[in-house]
């Protein structure tokens, strides 16, 4: 169908693409956009997919063939109307048209709070997305090629960019509602959007140039983060965010692209949805929320995060997850808490001995709960997660770990007795935690020499005789164990040497004898 016949179907006359300026009888572009919007809205509700795709194809050809001056200039019919009002009307008409085009490929909504639909529910979405992407790409290319627009074209681009970006992000990810073709079309749309605004990448698209106030005032390379949040905000409420699976993905993609200092001005709109995700009962939503909260913690100044008690709210929201049994979630939470605790308080290891006698703090609360759970934990995955986090927390605590020394000792003894093949990462992490503990609390080691040395020697013997371990893993375990014995000897001013001399060489393997000889040589030197 030709462009002229299409406009005749709208009961409008066709603009000439040969003349640089349309003649007076030509219809105002705002009227054409309004008619198109109405037809698209009606087609989305009543027409078949083929009819809707045909109508969207006509929209694509409109932007491919019509005169850009007519497409992107406000109507001059009403001479008395304010120029700013004309541009505002044109922008509103384009935003409405883009929304209607996008609505033709909208995702089905979930009726309950699960937020999850089957693949069959999304079967028709990919073939609807492709013509929408082509039409929006054609519009962006036409707008990019309109050299006469100047600031007006940039303002129009900023009006339509947020919903276009949300649509592209929704469909270029590998999800149930996408296919290889629809993802390629969405990626092409995103690339066209970046070219239209001269943005370097997605992060630049969202944040723009933030190096100086002058660039912001002149409107050069501004970001569209605020506009995207305006589009997402109605769908991010407590009652609505679970109805559409894509909303949380677009929000998290947007948030994780934004770094400081651009994140801080939008913190009041970014933090509540992250907390909603964090509090959800589904594991994948909860983990996504922790990812978002961690990103906020890393990219927000501590003083600003502490305003209005935000940091305390985040801390309580994360701390409760330490009582769960999901290893993947615990790993994320422990990593996030390690960074969040620095927002509240200085690292205990950095405090001087006279600094309020190192009063207990939130670091102690987290470490105490972690050690409590470690003592009783029997799941291999959780034991590995706790063991991996323990060295970081002990390093952060410094000498203040003396308050937890008895419990740390029980955890170390218990974890070193249990095999964790094939890589033995759990034992290696526990040995790392023991080394950090020995360095930080060496004056308290005199009364623990016999218990720790007996455990370490038993570990050496067990590892040397374990035929299931690979040679590199066995050597690494024995090396780290020897390092712990050397540190223990240094902590106790040579109390280890007499005890090592009592070891019966006929009861241990040559590998263990070599290790003990190396320890003796190192301590003597």
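Within segment 386-405, track down each residue that is farther than 18 Å from residue 341 by Cβ and crowded, with 19+ Cβ neighbours inside 10 Å.
Correct list: 387 only.
Residue-wise test of (1) within 24 Å of the chain's Cα centre (by Cα); (2) surrounded by 15 or more Cβ atoms within 10 Å (Cβ to Cβ).
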residue: 174; (1), (2): yes, no
residue: 182; (1), (2): yes, yes
residue: 190; (1), (2): yes, yes
residue: 198; (1), (2): no, no
residue: 203; (1), (2): yes, yes
residue: 224; (1), (2): yes, yes
residue: 246; (1), (2): yes, yes
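With the structure loaded, tell me whether residue 385 is part of a helix (DSSP H, G or I) and either at pLDDT below 90 or under 33 Å from the mean Cα position of the chain (by Cα) (or both) or whether it fails that test.
So residue 385 passes the test.
Among residues belonging to segment 447-494 that are more than 17 Å from residue 434 (Cβ to Cβ) and touching a helix residue (DSSP H, G or I) at 6+ places or on another chain (Cβ under 8 Å), point out the one that is surrounded by the fewest Cβ atoms within 10 Å (Cβ to Cβ).
494
So residue 307 clears everything in (1) part of a helix (DSSP H, G or I); (2) under 28 Å from residue 390 (Cβ atoms); (3) free of Cβ contacts under 8 Å to residues at least 24 places away in the same chain except one condition, right? Which one?
For residue 307, the exception is condition (2).
Does segment 302-318 hold any residues that are surrounded by fewer than 14 Cβ atoms within 10 Å (Cβ to Cβ) and over 20 Å from residue 369 (Cβ atoms), and which are they?
302, 303, 307, 308, 309
The values are calculated or read from the model by the stated rules, or taken from the named source; none is laboratory data. Note that the structure is predicted; figures quoted are calculated from it, not measured. All Cβ positions, even for glycine, are placed from backbone atoms using ideal geometry, and neighbour counts span all protein chains on display.
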